[in-house]
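The values are calculated or read from the model by the stated rules, or taken from the named source; none is laboratory data. Model, not experiment: these values are computed from the prediction. Here Cβ is always computed from backbone atoms with ideal geometry, including for glycine, and neighbour counts include all displayed protein chains. Surface areas here come from the heavy atoms of the whole protein model, side chains and all, with no ligands, DNA or RNA. Shrake-Rupley method; radii C 1.70, N 1.55, O 1.52, S 1.80 Å.
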Amino acid sequence: MILLSSNYQFFINWLQFISIVNIIYVKRLIIIFYISVLTSSVFGYAGEVNLKQGKQRIFFTDLATRSRDTPSHNNLINVTDYGAKPGSFEDAVPAIKMAIGACKGNASATLIFPKGRYDFWPDKAEKRNYFISNTSSAAECPLKLETIGLFFEQMKNLTIEGNGSIFVFHGKMTTFALVHCENICLQNIKMDFERPTMSEMTFRMVSDSVIVSDIHPDSKYTIVNGQLKWYGEGWGLKNFHAILVNPDKGTEFYSSWAPFEKATAVSISPNQVRFTGEFKKYSFQPGQVLTIRDPIRDQVGGFIDLSKNITLKNVSMHYMHGLGIVNQFSENLHYDSVFVMPRPESGRMISSFADCMHFSGCKGQITIENCRFKGTHDDPINVHGTHLEVTKIISPTKLIIRFMHPQTYGFEAFFAGDTIAFVHSLKLQIFAQGVLTSAKLISEKEIEVEFASPVPPDLVVNDCLENLTWTPSVTIRNCRFERILTRGILVTTREKVLIENNEFIKVGMNAILIANDASSWYESGAVKDVTIRNNIFEDCGYNSAPDNYAIAIAPETHGFVNIVHRNIRIENNVFKVYDYPILTAHNTEGLIFKNNKIIRTDFMKQGVKRPQFNLQACKKVEISDNSVEGFNDASAQLERMDKKDLSTDITNVKMIGTGKKK
C-alpha cells in the first residue's frame, strides 16, 4: 500500500505539471508509460507472444522493488531476469541456478532461455555423488562425483524451453540431471562442448615410417620432448582408447594410439603434425580420422534418476562425455527428435564418448522416435535390467545379493513391494517368483532383501535375482542409426517391444542385439513379445565378421538348451548386406522371420559362404516368404534342435551338433 500510494502521488504531481504546460501529446505518452510501470510492478510482466513461433514473452521488471534472487510467482521464468547473458561467454550457471530456484515456487512453470549461446563452467556447477549403472568401477573412479550443468531435483510440471539455444559446456561435465522429478519436458536445445574430450586428427600423408596429420581445431594439444600430448579445460589425456573413422566409407574400426605414443612428433604448421615412427602394420590410409579418448566414464551425458513422465523433444546432443544419457529406475520416458550427432559446421566425427541413451531398471513406457544417431564410440540405445547374485541365504525369507559387474553398483535396485524373479544363472532360467517386503543397501556392493514368503527350496548361492516390476515397454520408430562402431539397439525386457520404420546404416556389429546374461555384464532379462518390422538394414556387421549378423538373439546360456526368449517377429524388413549372415538365434521359442527382402551389395568383400540363418536350441521357428537377390540361394543351419522345430520354404537346411545339454 505504501508503494502504491507513493506511486500515485508521483503520478498526480506529474499530471499537474503537464496540465500547466498543456502538452497533450506528452501527457498521453507519460500516462501510457506510467500505467505500464504500475502493471509490471503489480503483476511482474506484460505482454505475451507465441513461443511456438520462436518468439519470447517480454518482461517489464521493476528492479527497484523486486530482488533478482526473490523467486518469481509467475509460471514463466526467463533466465535473463536472473543474470544470464546469452552470447557473453560468461558462466551462466549461477544465474540459471537462481532461475531454477524460482521455478520451484510454482505448481507448474516454464523456464525460458531466449535464443543464444549459454556457457556452463564446472566451477559453480552442482556437485553430487551418484552411483550410475554401467559407468565406472571403484578402481577407475573411487569418487562418484558428478559435475552437473543443469540440475533439477524434486521438481514437477516444468518445461525447459531453449528456443533453439546452444548450451556450451566446459571441462568434464554432466550436461543435465533430473532427480526425483515428474512431468518434465526439455525442448528446443542444442548441447555441445567447447573442447570435447574426444581428440581427432586426419591423416594427410601416410607411409610406413611417417604420417602427417591435421589436428582438428577443437582438439587442443602440445608437443613435449617430441611427444604429442592431448589436453583440455582442466584435464590431460593419460589413458587412450582409439577408434579409426573412414568418412568416405562411413565406417568405424577399433584402432590404437600406441604407434603415435611411441613416435616422434614435430609441428610443421598450425594444427599440423608430422609423426615419425613404425606404422606399417596398422594399414592407415590418407583421409582416415583417428579419434582418441580416455576410456574411463567419470561423467555421463545426462542423468535421469527416480523420475517419471520425462520428455526430451528437439534436443541435439552434439557431444557427450561419458556414458551418454543414463535413465535409471525411471518411468515413462519419451525421446522425440533427439539428435546425437556432431554439429555439421564443426567438422567433427564423433558425437558420443560411449552409449547415447542407456536405460537401466526402468518401467512404464519408453518411446524413442524421430531420433538420429551418428558417429558414436558405443551403442546408441541399450535397455536392460540388472541381475544381482545371491551370496548368502540368511533365513528362509532373507538373502544378501551382490552387484557383480565392477561398473554397476551402489544404487537401490530393489524396493519393497517389487516382484522378483529367481534365476538359475548359467541357464538364465526363471524358476520362481517372490514379492519383497524390504530391501536395503548394506554396502556399495550388497543389498539385503526380505520376502513375504519363503524363497524356493532349490535356490542356491550364485543364483541371481531379477526385478520384474522395473521392466519397461519399448517403442523405437522412425530413427536413423549411422556410422556406429558397435551395435545399434540392445534390448532385454519382458514387456512389449516394437522396433519399426528405422534405418540402420553401417552399424559395425549387430544392428539389433537381444542378449540377457548373468555372467558378464549381468544385464537382464528375457523378452516375451518383440516385433521388428519395416526397417532397413544396410551393410551392418562389418566389425564382427564372420559372425556379422544383422540381428542377433543371443542369451548367454553356456550351452544349455532351455528356452529363454519367446515370441519374436521379424517381418517386412529390407536387408541390404554384402555378406551372407542375416540372423542368429538360440534358446528362443516362437521366432518368425517372414516377408523380408534380402539384397546383396558390393560394400565390402564377401566372406566365405555360410548360412544366412544360424539357429541353436530353438523351438517353433518359421522362416518363409522372403525374397533373395544376389545370392544363389538361402540356407539355414540348425544346432542342438530338431528339424521339426523349423517351418521353412528354404530347401538348404543343415543339421549339426544334435547333442543336448539339459
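Which members of the range 540-571 meet the condition of being assigned to a loop (DSSP other than H, G, I, E, B), open to solvent by 10 Å² or more (accessible area, probe 1.4 Å) and within 19 Å of residue 636 (Cα to Cα)?
Residues satisfying the conditions are 545, 546, 547, 549, 554, 561.
If you take the residues of the range 511-539 that are within 18 Å of the chain's Cα centre (by Cα) and assigned to a loop (DSSP other than H, G, I, E, B), which of them is farthest from residue 352 (Cα to Cα)?
Out of the qualifying residues, it is 521.
Looking at the range 581-606, which of the residues that are open to solvent by 30 Å² or more (accessible area, probe 1.4 Å) and not in a strand (DSSP E or B) is farthest from residue 557 (Cα to Cα)?
Across the range 581-606, the extreme among qualifying residues is 602.
Keeping to the range 232-242, report how many residues are under 19 Å from residue 274 (Cα atoms) and either part of a loop (DSSP other than H, G, I, E, B) or out of contact with any Ser or Thr (no Cβ under 7 Å at 6 or more places or on another chain) (or both).
0
In this structure, does residue 204 turn out to be open to solvent by 40 Å² or more (accessible area, probe 1.4 Å) and either under 25 Å from residue 109 (Cα atoms) or not β-branched (Val, Ile, Thr) (or both)?
It is true that residue 204 is open to solvent by 40 Å² or more (accessible area, probe 1.4 Å) and either under 25 Å from residue 109 (Cα atoms) or not β-branched (Val, Ile, Thr) (or both).
Would you mind stating whether residue 504 is in contact with a Pro (Cβ under 6 Å, 6 or more places away or on another chain), modelled with pLDDT of 95 or more and among the hydrophobic types (A, V, I, L, M, F, W, C)?
no
Does residue 360 satisfy the condition of being in contact (Cβ under 8 Å) with a residue 60 or more places away in the chain, within 29 Å of residue 243 (Cβ to Cβ), open to solvent by less than 10 Å² (accessible area, probe 1.4 Å) and of a type in the set (Gly, Ala, Ser)?
yes
Could you check the range 645-658 and list, in sequence order, the residues that are at pLDDT 95 or above and of a type in the set (D, E, K, R)?
645, 649
Looking at the range 475-486, is at least one residue among the aliphatic types (A, V, I, L, M), open to solvent by 10 Å² or more (accessible area, probe 1.4 Å) and out of contact with any helix residue (DSSP H, G or I) (no Cβ under 9 Å at 6 or more places or on another chain)?
Looking for residues that are among the aliphatic types (A, V, I, L, M), open to solvent by 10 Å² or more (accessible area, probe 1.4 Å) and out of contact with any helix residue (DSSP H, G or I) (no Cβ under 9 Å at 6 or more places or on another chain), one finds none in the range 475-486, hence no.
Given the residues 156, 104, 127, which is the only one that is modelled with pLDDT under 95 and under 18 Å from residue 178 (Cα atoms)?
The match here is 104.
Looking at the range 477-497 only, could you name the residues that are within 17 Å of residue 550 (Cα to Cα) and part of a strand (DSSP E or B)?
Once the filter is applied, which keeps residues that are within 17 Å of residue 550 (Cα to Cα) and part of a strand (DSSP E or B), the range 477-497 yields 480, 481, 482, 483, 484, 489, 490, 491.
Name the residue that is most open to solvent (accessible area, probe 1.4 Å), counting only residues in the range 342-356 that are in contact (Cβ under 8 Å) with a residue 60 or more places away in the chain and under 25 Å from residue 310 (Cβ atoms).
Once the filter is applied, the top-ranked residue is 343.
Pick out the one residue from 366, 420 that is in contact (Cβ under 8 Å) with a residue 60 or more places away in the chain and surrounded by 23 or more Cβ atoms within 10 Å (Cβ to Cβ).
Just one listed residue meets the conditions, 366.
With respect to residue 190, determine if the residue is modelled with pLDDT of 95 or more, open to solvent by 40 Å² or more (accessible area, probe 1.4 Å) and in the same structural domain as residue 317 (by the TED database).
Taking the combined requirement at face value, the residue satisfies it.
With the condition being open to solvent by 10 Å² or more (accessible area, probe 1.4 Å), more than 26 Å from residue 230 (Cβ to Cβ) and outside the structural domain of residue 216 (by the TED database), I'd like the strands (runs of 3 or more DSSP E) fully within the range 243-337 carrying at least 3 qualifying residues.
Of the strands (runs of 3 or more DSSP E) lying wholly inside the range 243-337, those with at least 3 residues that are open to solvent by 10 Å² or more (accessible area, probe 1.4 Å), more than 26 Å from residue 230 (Cβ to Cβ) and outside the structural domain of residue 216 (by the TED database) span 308-317.
When both residues are 6+ apart or on different chains and their Cβ atoms are under 7 Å apart, which pairs have a first residue that lies in the range 207-221 and is touching a residue at least 24 places away in the same chain (Cβ under 8 Å) and open to solvent by 10 Å² or more (accessible area, probe 1.4 Å), and a second that is part of a loop (DSSP other than H, G, I, E, B) and of a type in the set (S, T, N, Q)?
214/271; 217/271
Within 22 Å of residue 306 (Cα to Cα) and modelled with pLDDT of 95 or more: is that true of residue 486 in this structure?
Criteria not met by residue 486.
Could you tell me whether residue 641 is open to solvent by less than 40 Å² (accessible area, probe 1.4 Å), in a loop (DSSP other than H, G, I, E, B) and not small (Gly, Ala, Ser)?
So residue 641 fits the description; yes.
Can you tell me which of (1) closer than 18 Å to residue 326 by Cβ; (2) of a type in the set (Val, Ile, Thr); (3) outside the structural domain of residue 96 (by the TED database) is the one residue 212 doesn't meet?
(1)
One line per residue, one yes/no per condition, for (1) out of contact with any strand residue (DSSP E or B) (no Cβ under 9 Å at 6 or more places or on another chain); (2) of a type in the set (D, E, K, R); (3) farther than 19 Å from residue 315 by Cα; (4) surrounded by 18 or more Cβ atoms within 10 Å (Cβ to Cβ):
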residue: 137; (1), (2), (3), (4): yes, no, yes, no
residue: 142; (1), (2), (3), (4): yes, no, yes, no
residue: 145; (1), (2), (3), (4): no, no, yes, no
residue: 149; (1), (2), (3), (4): no, no, no, yes
residue: 153; (1), (2), (3), (4): no, yes, yes, no
residue: 172; (1), (2), (3), (4): no, yes, yes, yes
